[in-house]
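Down below is the structure, laid out as structure tokens.
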Amino acid sequence: MTYAAILMPVFAMVLLTFVVLLRLGYLRGQAVRAGLVTDREGAVTGDETVWPIKVRQASKSLRNQFEMPVLFYVLSLLVLVTRKADFLYIVLAWIFVVSRWVHASIHCGPNAIGPRFAAFFIGVLVLIVMWLQFAASIIFAPIMP
């Protein structure tokens, strides 16, 4: 596999993080400009409830980008370094990335719990399969000379 094939899903995940971050900044700016939150409330208190619901959704979505995706990033680096990437890994990586984009889109949009959970669950299952596949490729690899 090429570096590009392995890293493109990683780049897509990083892009998602930046998209959610920019959306959060935009929504926070709107809330402050509309007078819904003062600069002091938004900056000083750790109380998320001072923000409108859409801001809290985007904030939670941003935090989510540093939960399950971290395991994806670690796995991607391990696969790259050990040269264990294959076609199945690339397909599963893209399925994981698409599930995260769908999850974030729902989270920052209508926030429908059922579809959002489905996207999350698909991503978790795919990530588990990816880790199991990688672990098996290491455990059952021939002994190095």
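What trypsin sites (Lys or Arg not before Pro) does segment 1-93 have in DSSP loop regions with at most 10 other beta carbons within 10 Å? Working shown, then result.
Values: sites: R23, R28, R33, R40, K54, R56, K60, R63, R83, K84; in loops: R83, K84.
Here the sparse-neighbourhood loop sites are R83.
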task: Return the label of the correct value of P(r) over Cα pairs in 10 Å bins from 0, in percent, as calculated from the structure shown, out of (i) 11, 27, 22, 22, 14, 5, 0; (ii) 10, 33, 25, 13, 11, 6, 1; (iii) 11, 35, 26, 17, 8, 2, 0.
output: (iii)
- prompt: Given a Förster distance of 25 angstrom, what is the FRET efficiency for A118 paired with L71, based on the Cβ-Cβ distance and rounded to 0.05?
  reply: 0.80
query: What is the fewest-to-most order of V74, V19 by other Cβ atoms lying within 10 Å of their Cβ?
result: V74, V19
task: Can you find, among V129, V79, S61, the residue farthest towards the positive end of the dipole of the chain? Put +1 on the C-beta of Lys and Arg, -1 on that of Asp and Glu.
output: S61
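Can you sort S61, S137, S76 by how many other beta carbons sit within 10 Å, fewest first?
The order, fewest Cβ neighbours first, is S137, S76, S61.
The numbers here are math on the coordinates, done by the rules we state, and not lab data. These numbers come from a predicted model, not from an experiment. Counting neighbours? That spans all protein chains shown, and the Cβs are built from the backbone with ideal geometry, glycine included.
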